[in-house]
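S.K.: Dropping a structure here in structure tokens format, bear with me for questions.
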Amino acid sequence: MKSLRLFLWGLVFAAAGFAAYTYMDRLGKTGPENVATAEIGGPFDLVTHNGTSITRDDILGRNHAIFFGFTHCPDVCPTTLLEIAGWLKELGEDANRMDFYFFTVDPERDTPEILQPYVASFGEGITGVTGKPENMAEAIRAYRVYAKKVDLGDDDYTMDHSAQVMLFRPDGRFFGTISFGESNKTAIEKLRRLTTGS
Ligand code: NI
């Protein structure tokens, strides 16, 4: 009886140890933000600022950053896109190992014709993404982004939206975020870690 009890306790400790080990292992892989990585991102069916089709399969295979915003945004979006343009310059060669996407949360107004000159005004290297409103709504859900239409009256509206740049590894695994207002130094550190696969 005593040996059976010892054996059962042994099982309990082994199970606890295994649980702790897998938990630590998960923590170790969640990237800089230590955020739960479970299923951020998913399939989408959209178009680029050039009007060509783009799906999630097209963006996998390379490190990528996605920022959701809209061209009518008065402050957060243009500021973020300026920062992205700055990161691209500072990353130099490393910038060739990743792609930057600007997904519009306002696909009704942000047609490819509107998006193309907008992203181009921040320099090369940022791909604008839009599409049918229902398809963009699906992408917004898949990437767990917050976006909400705010009525301004007189048939005008603005979009309230989350402001972080999301980083992903080539296999689509979530790597972390760069928050709005985060220092250039930590942003570059994260991007270098991502592009060097460390
Ligand atoms: Ni914005």
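S.K.: Could you figure out which of (1) modelled with pLDDT under 95; (2) surrounded by fewer than 17 Cβ atoms within 10 Å (Cβ to Cβ) isn't true of Lys148?
M.R.: Every listed condition holds for Lys148 apart from (1).
S.K.: Only one of these conditions is not met by Thr177: (1) within 16 Å of the ligand (Cβ to nearest atom); (2) more than 13 Å from the chain's Cα centre (by Cα); (3) surrounded by 15 or more Cβ atoms within 10 Å (Cβ to Cβ). Which number is it?
M.R.: Only one criterion is unmet by Thr177, namely (2).
S.K.: Now for a separate question. Could you tell me which residue of the stretch 70-116 is farthest from Phe180 (Cα to Cα), considering only residues that are in contact with a helix residue (DSSP H, G or I) (Cβ under 6 Å, 6 or more places away or on another chain) and within 13 Å of the ligand (Cβ to nearest atom)?
M.R.: Thr71
S.K.: Right, here's the next one. Suppose we keep only residues that are buried (at least 23 other Cβ atoms within 10 Å of the Cβ) and among the aliphatic types (A, V, I, L, M) within the stretch 96-123. Which one would you say is farthest from Asp156 (Cα to Cα)?
M.R.: Of everything passing the filter in the stretch 96-123, Val119 is farthest from Asp156 (Cα to Cα).
S.K.: Kindly list, by first and then second residue, each pair from a residue in the stretch 62-84 that is under 14 Å from Thr158 (Cβ atoms) and touching a residue at least 60 places away in the same chain (Cβ under 8 Å) to a residue that is within 13 Å of the ligand (Cβ to nearest atom) and in a helix (DSSP H, G or I), limited to pairs with Cβ atoms under 6 Å and residues at least 6 apart or on different chains.
M.R.: These pairs meet every condition: Gly69/Cys77.
S.K.: Please work out which one of (1) modelled with pLDDT under 95; (2) of a type outside the set (D, E, K, R); (3) part of a helix (DSSP H, G or I) is the condition Pro74 fails and give its number.
M.R.: Unmet for Pro74, out of (1) modelled with pLDDT under 95; (2) of a type outside the set (D, E, K, R); (3) part of a helix (DSSP H, G or I): (3).
S.K.: Something else: Which one of Gly92, Gly153 is within 17 Å of Thr196 (Cα to Cα), free of Cβ contacts under 8 Å to residues at least 60 places away in the same chain and more than 18 Å from the chain's Cα centre (by Cα)?
M.R.: Working: Gly153 fails: within 17 Å of Thr196 (Cα to Cα).
Of the residues listed, the single one that is within 17 Å of Thr196 (Cα to Cα), free of Cβ contacts under 8 Å to residues at least 60 places away in the same chain and more than 18 Å from the chain's Cα centre (by Cα) is Gly92.
The values are calculated or read from the model by the stated rules, or taken from the named source; none is laboratory data. Predicted model only: the values in this text are computed from it and were never measured. Because the Cβ atoms are built from the backbone with ideal geometry, glycine has one as well, and the counts that use them run over all protein chains shown.
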